[in-house]
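Worksheet for the structure shown next.
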Amino acid sequence: PVHTGSPELPPPTRERLQNAVALGLADRYNPWDHYVQPLLELVPELRQKFPQTAIRVYLAKDLGFLADELAEAGCEVYEMKSSSLNFAPGGLWRFLPFAEKDKLVVVTDIDRLRDLESDLTRTRTMQQSGVGAWRVPNPRDYTDDYRVCYQPFVGCQFGVQGGLLEDVRLLLDAFTWHAIKDRLDPSVIMPGCGPVPLGNHRWPSYGFDEYFLNVAAYPRLAQEGMLTFVPSGASCLLLSLDVEYCTWGNPASELVHFSSGG
């Protein structure tokens, strides 16, 4: 379950992944169709088109039965020591490559694999510009229930120069420990409004990965310079402050607008 408080699920099997909706284990789609089958179908094509690019998958312990099939499709499979029945810790594993020197790291979701070429282009542009990261922020200030939902990074659409956060594993452990102990302030000081609560910040629920990314990783990466790709027409209070902060952190930072849907 992606949210705490949801009913516990039985251990995953191939049958349960393929028939989760019929078995009453999922509401919207079968995990196999949404997460596994696209890898098996698209990765061989992507590896042929981009032979210099490794497509890495972090696989929870209880999904180890998929390892051989994914590797055969061309994935670089990392089998983890723990399972992840909730959204976290699995949602955080994709940040581990931040520590790997001399690598260009692109973070994406399986449902964005068809957009990989544009993400690779942005990553090469980042490298040529001499900055540390590129990102597409979420240019919206509030949720409908007036919680801050602006995100400097969206967890499935960004790239970084590997090695900039050599201590990322320690940072993940420390951040998670303090979050579980309620020692982090989950609020944002909005211009003229005072503190407003953040949405999606509870361990181990959905969104905790972006909570870490935007609270712990973002201030560090901003000092290395960023390319910020923003949909044309985007407008919100925190976007302007975000861009100003990044430019102050590193004058090599740049803002690039693109047409919505790109």
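Some values worked out for this structure:
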| item | result |
| --- | --- |
| Antiparallel DSSP beta bridges within the stretch 93-262, percent to nearest 5 | 60 percent |
| Exposure proxy order (Cβ contacts within 10 Å, fewest to most) of Met226, Met80, Met126 | Met80, Met126, Met226 |
| Separation between Cα centres of the stretch 9-45 and the stretch 72-102, rounded to whole Å | 18 Å |
| Pairwise FRET efficiency - Asn19 versus Cys193, Cβ, R0 = 30 Å, nearest 0.05 | 0.05 |
| Order of Leu63, Leu170 - criterion: other Cβ atoms within 10 Å of each residue's Cβ, fewest first | Leu170, Leu63 |
| Residue order, fewest to most beta carbons within 10 Å, for Leu59, Leu40 | Leu40, Leu59 |
| Sites Leu184 and Ala67, calculated FRET efficiency, Cβ-Cβ separation with R0 41 Å, nearest 0.05 | 0.75 |
| All lysines inside 26 Å of Lys81 as judged from Cα atoms, apart from same-chain residues fewer than 8 positions distant | Lys61, Lys101, Lys103, Lys181 |
| Rounded FRET efficiency, nearest 0.05, which uses the C-beta distance separating Gln127 from Glu166 and R0 of 22 Å | 0.75 |
| Read-out Rg and Dmax of the Cα atoms in Å, derived from the coordinates shown; its label in [x] 18.8, 55; [y] 19.0, 66; [z] 23.2, 73 | [x] |
| Amide H contacts under 5 Å for Ser187, placed H, 5+ residues apart | Leu198 |
| Point-to-point label distance, Ala234-Leu9, nm (Cα→Cβ direction, 7 Å offset) | 3.0 nm |
| Calculated from backbone phi, Karplus (6.51, -1.76, 1.60) coupling profile of the stretch 154-167 in Hz, x at Gly/Pro | 9, x, 10, 8, 6, x, 9, 7, x, x, 6, 10, 5, 9 |
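Every number here is computed from the coordinates shown, using simple stated rules; none is lab data. In this text the structure is predicted, and so the values were computed from the model without any measurement. FYI the Cβ positions are ideal-geometry reconstructions off the backbone, even for glycines, and counts take in every protein chain you see.
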